[in-house]
Amino acid sequence: MTFFLLFVLLVGLLVLRQPMVVVLLVALMACYFFWGEGQYRFIALDAWNALNKEVLLSIPLYLLAGNLMAAGSMARRITNFLQELSCFVPGGLALAAVLACAVFAAMSGSSTVTLLAVGGVMYPALMEAGYSRSLVVGLLCAAGTLGIIVPPSIPLILYGVMTQVSIVDLFIAGLGPALLLTLLMSAYVIWRCRDMPTRRWSSELGRSFRASIWALGTPALIMGGIYSGYFTATEAAVVAVAYTLLVQVFVYREMGFSHVVEVAQDTSRLIGGLFPVLMLAVCLNLFLTLQQLPAEIVASLASWLEGPVSFLFATNILLLLVGSVVDIGSAILILAPLLNPLAANFDMHPVHFGIMMIVNLEIGYLTPPMGLNLIVAMGAFRIGFWDVCKAVIPFVVILLTGLFLVAAVPSISTFLI
Amino acid sequence: MIAARRLLALLTRLENVFCLSGFTVLVLVLFVDVGMRWLFGGGIPWSHQVGIYANAALALVAMGLASSGGTHLRPRFADNWLPQKYHPQLETLGELISATVFFVFAVFALQMVLETHALGERSTVTLTLVWPIQLLLPSVFFVAALRHLLFAVFPVLRPTKNEQEA
């Protein structure tokens, strides 16, 4: 009965359009009222301890680096180079869009930033080149989601924070699935555009490479530093910020002090939305762990689920449903600590499970009613919501295929760790 | 209402300056640490603790910017479960609920800070007292309560786009 009342209360808050931070605060207060002997100040203590963690330092830095990159011409330079590089393939321009999203995702760590930055450059170019609008919108929306699986990725950091899994291991493990998804999307695009004209490489390739070499240095610096073990995730983030500032202000000379301040303020607003939710989700997780709720869920579900296959099936269905109505950050913060022990019970590697979870929730960016990339694309490309939904259907099928492979073959994620 | 508008504008300006300073400290202290390790083989021992404090301060104060800019994370699937004609009243009720919840949490946070103050707790790395930085926690929630109360009383002051999903 108490659980039911709590559920009704929380749904009521959502109907009243309360932000996640209020919903979580009420949930925590209710938990402490019913099961925590009213020691409410512990919520504040846990909240402070949640913020007082070194592992969180990389999140604002990657967000800042991504926004700094999106503010200048880095995306356009990379896109121009990839466009020249892939011109000999049928549908080379569309392929360049997929690859540009993958490369930019490795720099920005954010799906929306990737969609807006690359889409802003590629959408007019693709339309002008005669590609179908449906393919263009679908591919930009779908390739934009690579931002959350290509390392560095904010959702991977959130998963690491909530489950105590190494963030560097998650970054390394994200590479295989990211390559797989990029490959699947590229293959589909080439097949769809097999009748499009091609041309040979020209001197423009060298020129575009020279123009983009500083921009291409960012993913090389981040990924190279992390994969070689030279940087931790946090150090790579601060180096990315410093390098991007250097390139944007002194090399490309596209940003002045006031522009940098503006970007920092925009980033602060994003942080102000994300961090209080993260802080309170950690508190809720601590409370539930103290009450041994995850262990009880594991015990009850383990007897109901017959084995790893049924667990994978049930988990993926649950995550697909959740991903279509809740934003990825909230989904990870609430579900990761509950599902991770269950995965461990079925002998799933925590890194593999984390990657599968992120790939699954990535699909939520493309599924109505709340798919964020659908909404962003609707505004950015001035197209109706249902037209965007129809355009992404083939890419959702591709991502589901990728999810199936990532779930079924753990080595796609774990072969490098 | 003019006074409320001015107060909110002042708060937002202060929060912007504070967040910018937080970002500057965070980036500088960590970058200098990485640079010194690269150049001299050893970094600054207290850099990460200072970075953590700068990050915590930035994250907390930025909550005010998220409120004023309408960028709080918010699931929207239940937005239209109630008839459209009641939405203005529901939004006012929502702002009052937000204000109350933030105020109550601010009181709990203040209790926690008073306890830390009484214990004289210090950081193990920088050896500084912890309570002055912890004081940000109740402060930002008191300010958030005030902001949402003003949004409830003066609907015209609410951010135009009331939410965003990240």
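Taken together, the values in this text are just the output of simple stated rules run on the coordinates, not laboratory data. What you see is a predicted model; the values in this text were computed from it and never measured. Methodologically, a virtual Cβ is constructed for each residue, glycine included, from the backbone with ideal geometry; neighbour enumeration extends over all protein chains shown.
Three semi-axes describe the equivalent ellipsoid of chain B; taken as square roots of 5 times the Cα gyration tensor eigenvalues and ordered largest first, they are 36, 19, 14 Å. A straight chain from A:SER300 to A:TYR230 at 0.36 nm per residue would run longer than the Cα-Cα distance by 20.8 nm. Over every Cα atom in the range B:74-166, the radius of gyration and the widest Cα-Cα span, Dmax, amount to 18.0, 57 Å. Against chain B, whose longest principal axis is taken from its Cα atoms, helix B:2-40 shows a tilt of about 30°. Ranking A:ALA233, A:ALA281, A:MET196 by how far each Cα lies toward the positive end of the dipole of the protein assembly as shown (charges on Cβ) leaves A:MET196 at the top. As a length-normalised measure over Cα pairs under 8 Å and 6 or more apart, the relative contact order of chain A settles at 23 percent.
So what are the protein assembly as shown's ellipsoid semi-axes, whole angstrom, largest first, if each one is the square root of 5 times an eigenvalue of the alpha-carbon gyration tensor? Write out the running numbers ahead of the final one.
Working: eigenvalues 274, 156, 128 Å².
Taking √(5λ) for each eigenvalue gives 37, 28, 25 Å, largest first.
For the range A:196-322, the relative contact order is 10 percent, taking Cα pairs closer than 8 Å that sit 6 or more residues apart in sequence and dividing their mean separation by the residue count. Of the DSSP H helices in chain A, those with a Cα length along their own long axis of 27 Å or more and a mean Kyte-Doolittle hydropathy reaching 0.0 comprise A:167-192, A:203-227, A:257-290, A:385-408.
Result for chain A in a Gaussian network model with C-alpha springs under 10 Å: among A:GLY176, A:GLY272, A:GLY91, the largest mean-square fluctuation is at A:GLY272. For chain A, adding -39500 (n - 2.57) for each run of n ≥ 4 DSSP H residues and dividing by the number of residues yields -25500 deg cm²/dmol at 222 nm.
Projecting the Cα positions of A:MET69, A:LEU57, A:PHE81 onto the charge dipole of the range A:44-134 (unit charges on Cβ atoms of Lys, Arg, Asp and Glu, taken about the Cα centre) puts A:PHE81 furthest along the positive direction. For A:LEU16, the shell of other residues with beta-carbons less than 12 Å away shows a net charge of -1, using +1 for Lys and Arg and -1 for Asp and Glu.
Using only alpha carbon positions, build the gyration tensor of the range A:288-417, then give the equivalent ellipsoid semi-axes as the square roots of 5 times its eigenvalues, largest first, whole angstrom. Don't skip to the end; give the middle numbers.
Details: eigenvalues 175, 57, 30 Å².
After diagonalising the Cα gyration tensor, the semi-axes are 30, 17, 12 Å.
Adding -39500 (n - 2.57) for every DSSP H run of four residues or longer, then dividing by how many residues chain B holds, sets the calculated 222 nm ellipticity at -25000 deg cm²/dmol.
Sum up the charges of everything whose Cβ sits under 12 Å from the Cβ of A:LEU135, counting Lys and Arg as +1 and Asp and Glu as -1, but leave A:LEU135 out. Every neighbour counted, the sum reads +3.
Mean-square fluctuations from a GNM of chain A, with a 10 angstrom spring cutoff on Cα atoms, peak among A:GLY38, A:GLY354, A:GLY174 at A:GLY38.
Let's see if you can work this out: charge +1 on each Lys and Arg Cβ, -1 on each Asp and Glu Cβ, no other charges. What is the dipole magnitude of the range B:37-166 about its Cα centre, in debye to the nearest 20? Before the final figure, lay out the partial values.
Working: 8 positive and 7 negative charges, 45 e Å.
The dipole magnitude comes to about 220 debye.
What nm value, rounded to one decimal, do you get for the distance between A:SER310 and A:PHE34 when each label is placed 7 Å out toward the C-beta? Distance between the two pseudo-spin positions: 2.8 nm. Our note on the geometry: Cα centres of the range A:47-91 and the range A:253-301, 19 Å apart.
Please give the contour-minus-distance gain from A:LEU290 to A:ILE393: 0.36 nm per residue of separation, less the Cα-Cα distance, rounded to one decimal in nm. Mind dumping the intermediate values first?
Numbers: separation 103, 0.36 × 103 = 37.08 nm, distance 4.28 nm.
Difference between extended and current length: 32.8 nm.
The slack in the chain from A:LEU179 to A:VAL409, taken as 0.36 nm per residue of separation less the alpha-carbon distance, amounts to 81.4 nm. Averaging Cα coordinates gives a centre for the range A:1-41 and one for the range A:191-251; these two points are 46 Å apart. The amide H of A:GLY91, built 1.01 Å from its N in the peptide plane, has A:MET196 as neighbours under 5 Å, considering only residues 5 or more places off or on other chains.
A simple rule links phi to the HN-Hα coupling: the Karplus curve 6.51 cos²θ - 1.76 cosθ + 1.60 with θ = phi - 60°, which for the range B:90-102 gives 5, 5, 5, 4, x, 5, 5, 5, 4, 4, 5, 5, 5 Hz, with x for Gly and Pro.
Residue by residue along A:369-375, Cβ atoms of other protein chains within 10 Å of the local Cβ number 2 on average.
Expressed in Å, the radius of gyration and Dmax of the Cα atoms of the range A:241-295 are 19.1, 55.
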